[in-house]
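These notes concern the structure reproduced below.
The values are calculated or read from the model by the stated rules, or taken from the named source; none is laboratory data. Small disclaimer: the values here were computed from a predicted structure and weren't measured. In this analysis, Cβ positions are derived from the backbone assuming ideal geometry, glycine residues included, and neighbour counts consider all displayed protein chains. Note: areas computed on protein heavy atoms with side chains; ligands, DNA, RNA excluded. Shrake-Rupley method; radii C 1.70, N 1.55, O 1.52, S 1.80 Å.
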Amino acid sequence: WGFIGGKPHYRDVERIGTDRNIIGTDLDPVFQTQLRGIHSYRFDVPEGDYELTLLFAETDIRQQAMERSFDVFLNGCKVLESFCPAVQYGVEQAVSIRWDVSVENKGLSVDFVSRKGETILNGIVLRKVY
């Protein structure tokens with residue numbers, strides 16, 4: 001379980017994340033940090049129904065952020081295609097995307113495949129639905 005690939009984004013040598021205000025959330029610290037270049041996230045969970053929420057906020061204000069694009073797969077099924085948070089939602093904007101997921105015997109994998117630039121992930125929430 002946990003993430004595969006990726007590295008924390010540092011704003012300088014000692015500080016992780018950004019100190020910028022993230023619009024649309026009261027949870028700035030969650031959205032101010034991110035993994036860049038993440039390949040996947042794995043959950044070893046029992047069979048059942050879950051809600052999965054991915055949290056994104058483009059914190060890079062350079063032009064390359066506008067060109068970042070990646071796909072997201074849940075257990076091999078594409079759920080986001082050519083996702084570019086900066087273009088679709090704006091820079092420094094909190095984005096939460098939720099799916100209902102049924103997990104069978106293999107657990108849950110969330111895969112990030114770059115189309116251009118590095119993939120990003122600011123947070124992830126998995127909640128069992130009873």
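If I take R0 = 25 Å and measure r between the Cβ atoms of Ile61 and Lys128 in this structure, what FRET efficiency does the formula 1/(1 + (r/R0)^6) give, to the nearest 0.05? The partial results should precede the final answer.
On the way: r = 37 Å, r/R0 = 1.49.
With R0 = 25 Å, the Cβ-Cβ based efficiency is 0.10.
Can you give me the C-alpha center-to-center distance between region 1-66 and region 73-113, rounded to a whole angstrom?
About 12 Å separates the Cα centre of region 1-66 from the one of region 73-113.
How big is the accessible area of Lys78 in square angstrom, nearest 10, if you roll a 1.4 angstrom probe over the protein chains?
90 Å²
Accessible area per residue for region 1-105 in Å², computed with a 1.4 Å probe and the full protein assembly in place, what is it? Could the numbers behind the result be given before it?
Working: 5930 Å² over 105 residues.
Accessible area per residue: 56 Å².
List the GluC sites (Glu not before Pro) within region 24-130 that fall in a DSSP loop (any state other than H, G, I, E or B) and whose Cβ has at most 13 other Cβ atoms within 10 Å. Don't jump to the answer; show the numbers that get you there.
Values: sites: Glu47, Glu51, Glu58, Glu67, Glu81, Glu92, Glu104, Glu118; in loops: Glu47, Glu58, Glu92, Glu104, Glu118.
Taking region 24-130 and a limit of 13 other Cβ atoms within 10 Å, the loop GluC sites (Glu not before Pro) found are Glu47, Glu104.
Given the Cα-Cα distance of Arg42 and Asp100 and 0.36 nm per residue of separation, how much length would full extension add, in nm?
On the way: separation 58, 0.36 × 58 = 20.88 nm, distance 1.63 nm.
Roughly 19.3 nm would be gained on extension.
How much of Val87 can a 1.4 Å solvent probe reach, expressed as accessible area in Å² and rounded to 10?
Here the accessible area works out near 90 Å².
Could you work out the pair-distance distribution P(r) of region 4-46 from its alpha-carbon pairs, with 10 angstrom bin width and percents rounded to whole numbers?
26, 39, 30, 6
Ranked by accessible surface with a 1.4 Å probe, highest first, in what order do Tyr41, Tyr130, Tyr89, Tyr50 come? The partial results should precede the final answer.
Values: Tyr41 45, Tyr130 225, Tyr89 110, Tyr50 10 Å².
Result of the area sort, largest leading: Tyr130, Tyr89, Tyr41, Tyr50.
Could you size up the charge dipole of the chain around its Cα centre, putting +1 on the beta carbon of Lys and Arg and -1 on that of Asp and Glu, and report it in debye to the nearest 20?
In total the dipole reaches around 260 debye.
Roll a 1.4 Å probe over the protein heavy atoms and report the accessible area of Ser114 in Å², nearest 10.
60 Å²
Quick one: P(r) of region 39-130 from all Cα-Cα pairs, 5 Å bins, percents rounded to integers, in order of increasing distance.
With 5 Å bins starting at 0, P(r) equals 3, 14, 25, 24, 16, 10, 6, 3, 0.
Please arrange Ile16, Ile97, Ile22 by accessible surface area, largest first, computed with a 1.4 Å probe and ligands excluded. Mind dumping the intermediate values first?
On the way: Ile16 80, Ile97 25, Ile22 0 Å².
The ordering from most to least exposed comes out as Ile16, Ile97, Ile22.
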